[in-house]
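For reference, the structure discussed in these notes is given below.
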């Protein structure tokens, strides 16, 4: 007997079509983890960087396996794209192409983050690198109509003084769309984010809004450590589901978890998309958004991440839409910028009864 669906449950094909058409917002996206294969091949050839030749080998080098042992192993997939993005032209091109790809996936608002201090190996200054990403992102935004904001990412492995300098330089680019400050890197090796408190102070003083990575290792305890720096958002943090008091604090303080289920499976945090606490956190009232993390390393578009959240994690379409809309509430952009995007979201949803 062929199984039947409930009358109000869209088919998988309908869910996919809806997710692809849906206007979307994405808050957790890394530039270096989203480098196109074709661009990587071009940069390797023109910059004389040792790298695989041919589309297939380059694809295998850039994309991580579906499941890896740890966050530390997943981070090794960033070594090649970082080596390729060591000059202003390359950074500008990569930023523009990423914005164009997001616009093609009906992403209407996106925040892109990257670590400028990682791109100075061939003499590029931090300021010139930031300027290049700003040019590429805002130039592509003007062409496509997407709204883009940028987040400067400091590294746990870097000297605290360097990250203070980075925050001070990054703050000078607020007028060019750089509005956020982040901390990322191997948590197991450098678990305590408070060693960078001065850099967070400098970022705040410069007008940057605060997020940081936590919980790709160490579970709920790492998320709680991150709260000491008073962020507006946490990048990842799925382990919060194991600590009811932590979830209560996230709700009370309105701190959003920018969740990336596919990437979390890759990093070995959860066994599968179905095991990810996305739906449970959302239903518990914890503010969450849904992102890809790395569109190339994880080989996933945001539309596909949305489809998986429904088909494998069990979100309903109204829940998915609410999470998508909440991303605009948590976004690092001003109200005047966000309100027209909210209105466009509401107009689109008015014609889709499944989202009600």
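The values are calculated or read from the model by the stated rules, or taken from the named source; none is laboratory data. This one's a predicted model, so the numbers in the text were calculated from it and none came from an experiment. Glycine gets a Cβ as well: all are built from the backbone with ideal geometry, and neighbour counts include every protein chain shown.
Of 127, 137, 131, which residue is at pLDDT 95 or above and touching a strand residue (DSSP E or B) at 6+ places or on another chain (Cβ under 9 Å)?
Working: 127 fails: touching a strand residue (DSSP E or B) at 6+ places or on another chain (Cβ under 9 Å); 131 fails: touching a strand residue (DSSP E or B) at 6+ places or on another chain (Cβ under 9 Å).
Result of the check over 127, 137, 131: 137.
Where helices (runs of 4 or more DSSP H) sit wholly within the stretch 58-104, those with at least 2 residues that are out of contact with any helix residue (DSSP H, G or I) (no Cβ under 8 Å at 6 or more places or on another chain), closer than 27 Å to residue 215 by Cα and touching a residue at least 60 places away in the same chain (Cβ under 8 Å) occupy 71-75. On inspection, residue 297 fails the criterion of being under 22 Å from residue 34 (Cβ atoms), surrounded by fewer than 22 Cβ atoms within 10 Å (Cβ to Cβ), in contact (Cβ under 8 Å) with a residue 12 or more places away in the chain and under 19 Å from the mean Cα position of the chain (by Cα).
Scan the stretch 316-337 for residues that are under 17 Å from residue 27 (Cβ atoms) and crowded, with 17+ Cβ neighbours inside 10 Å and the total you get is 12.
Quick check on this structure: which one of 306, 332, 345 is outside any strand (DSSP E or B) and out of contact with any helix residue (DSSP H, G or I) (no Cβ under 9 Å at 6 or more places or on another chain)? So that I can check it myself, show each step before the final result.
On the way: 306 fails: out of contact with any helix residue (DSSP H, G or I) (no Cβ under 9 Å at 6 or more places or on another chain); 345 fails: out of contact with any helix residue (DSSP H, G or I) (no Cβ under 9 Å at 6 or more places or on another chain).
Of the residues listed, the single one that is outside any strand (DSSP E or B) and out of contact with any helix residue (DSSP H, G or I) (no Cβ under 9 Å at 6 or more places or on another chain) is 332.
Which residues, counting only those in the stretch 13-29, are surrounded by 16 or more Cβ atoms within 10 Å (Cβ to Cβ) and out of contact with any strand residue (DSSP E or B) (no Cβ under 6 Å at 6 or more places or on another chain)? Even if it seems obvious, please write down each step before you answer.
Applying the first criterion (surrounded by 16 or more Cβ atoms within 10 Å (Cβ to Cβ)) to the stretch 13-29 yields 15-16, 18-20, 22-29.
Matches in the stretch 13-29: 15, 16, 18, 19, 20, 22.
Of all residues in the stretch 105-135, those being out of contact with any helix residue (DSSP H, G or I) (no Cβ under 7 Å at 6 or more places or on another chain), assigned to a loop (DSSP other than H, G, I, E, B) and farther than 15 Å from residue 33 by Cβ number 4.
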